[in-house]
Structures are given as structure tokens and as C-alpha cells.
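Enquirer: First, the structure itself, so that you have it in front of you.
The values are calculated or read from the model by the stated rules, or taken from the named source; none is laboratory data. All figures in this text were calculated on a predicted structure; none of them were measured in a lab. Every residue, glycine among them, receives a Cβ derived from its backbone with ideal geometry; neighbour counts consider all protein chains shown.
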Amino acid sequence: MNIVVKDKNIDLRSNVKEYLEKKLAKIQKHFSNVNEIVATFAKYKNTFIVEITLTGDNLLLRSEDKNNKGFKEAIDEAVDKLDAQIKKFKGKKFGKKKVYGSAIKEQAKEDIIAGNTEIAPEVADPGIVKVKKFSMKPITLDEAIEAMELVGHTFYFFQNIDNGLYCVVYKRDDGDYGLIEPSK
């Protein structure tokens, strides 16, 4: 497992890096197919921020924590969030067969009739309940930000007029904007 540590606006002490590596060992217990972990540390005024991005085989997980206590506390929270995501991912990928929709009711009826009340059907994960279709003309990044603000969303999907790529612009917690675009 390759761990990359980045720091913004600070000089990170070696004991914090060692603490991070110790905490990330917890993740390896649950998930051995981790290729790389990128941990980014930043401090703005009195806020300590830790972002951890984990990449593996067909997997990309990210967690972040902000607090005013310190980096070690932020590492603890971010690693705990990642650990929960990994457990959820493993449960989805390797878990029991799911029962969806009206099949849940049917299986429950059959269990009750058969007197088998100890086996309960597994509740289905949330699914797609609505699909929106709309025409999309290429626009600039500034127009996409304007449109996002106009509709009151925190993100906006658009085709960039400058490069023809389909992108997502989003509003960050710090009030700035981010842009997601595919690699060419």
C-alpha cells in the first residue's frame, strides 16, 4: 500500500505522519486490495482538515474531517469514516443476495406461512427512483456556475464549450468552486 502525504499551508510534523500510517493499518485489515492512499492535510485559521482518498481495484473512496482540536483527532474521524465505507462496500460486493421491491413482501408472506419467522428478508439498498432528461448545449464554466446558483443546487452537470468534455462544477464547503472533468 502506497501512502502519499500532501500538506497545504503547513509543515506537517513527522509524528503526525507516523500516526496516520498507524491508523491506516486498520484499513488493511478489512481491505487488502488498496493500491494507494492520498492524505491531504490543511489548516485554515483554527480549523484542521484531513482528506483521505483511497484507490484500489475498482474502488475509489474518500473521507474528510474538519475540526478545531488537531490533526490526530481529524485523522481518527476520517479513518473511521473510511473504515465504515469499506465495510459497506464489502457488504454490497460480497454480501448476501439482495431482495428487492415487492419480492420482500412475498418472501415475508412465505416465511410466515411456513412458520419460519427467524429469517427476515434483507432490505434493499436505495435505488434510482427518478430520472431527469434534459437537452444540453455546450456552455462555459462561468455560465455553468451561474446556472448552478440560479437553480439553487450545489453541483451542475454540463458540457464544456472550451473542450467538449462533460463536466461537473460543484460548490465546496469553503465557498469556492470545484470542477470534475474526465481525463482525456
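Enquirer: Could you pull out the residue among ASN35, ASN15 that is assigned by TED's automatic domain parsing to the domain that holds ASP80 and part of a strand (DSSP E or B)?
Expert: Result: ASN35 is the single residue among ASN35, ASN15 that is assigned by TED's automatic domain parsing to the domain that holds ASP80 and part of a strand (DSSP E or B).
Enquirer: Moving to a separate point now. Can you spot a residue in the range 145-159 that is touching a strand residue (DSSP E or B) at 6+ places or on another chain (Cβ under 7 Å), assigned to a helix (DSSP H, G or I), modelled with pLDDT under 95 and under 28 Å from ASP65 (Cα atoms)? Reasoning before the result, please.
Expert: Looking only at the range 145-159, we keep the residues that are touching a strand residue (DSSP E or B) at 6+ places or on another chain (Cβ under 7 Å), and these are 145, 147-148, 154-159.
With assigned to a helix (DSSP H, G or I) added as a condition, the list becomes 145, 147-148.
Keeping just the survivors that are modelled with pLDDT under 95 gives 145, 147-148.
Restricting the remaining residues to those that are under 28 Å from ASP65 (Cα atoms) gives 145, 148.
Scanning the range 145-159 turns up at least one residue that is touching a strand residue (DSSP E or B) at 6+ places or on another chain (Cβ under 7 Å), assigned to a helix (DSSP H, G or I), modelled with pLDDT under 95 and under 28 Å from ASP65 (Cα atoms).
Residue-wise test of (1) in contact (Cβ under 8 Å) with a residue 12 or more places away in the chain; (2) assigned by TED's automatic domain parsing to the domain that holds GLU77; (3) surrounded by 16 or more Cβ atoms within 10 Å (Cβ to Cβ); (4) aromatic (Phe, Trp, Tyr).
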| residue | (1), (2), (3), (4) |
| --- | --- |
| ASP11 | no, yes, no, no |
| LEU24 | yes, yes, yes, no |
| PHE41 | yes, yes, yes, yes |
| ASN46 | yes, yes, no, no |
| VAL50 | yes, yes, yes, no |
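Enquirer: Also: Does the range 4-13 include one or more residues that are farther than 29 Å from ASP174 by Cα and modelled with pLDDT under 80?
Expert: No - not one qualifying residue is present in the range 4-13.
Enquirer: Sort out which residues of the range 160-183 are of a type in the set (D, E, K, R) and part of a strand (DSSP E or B), and write them in order of number.
Expert: LYS171
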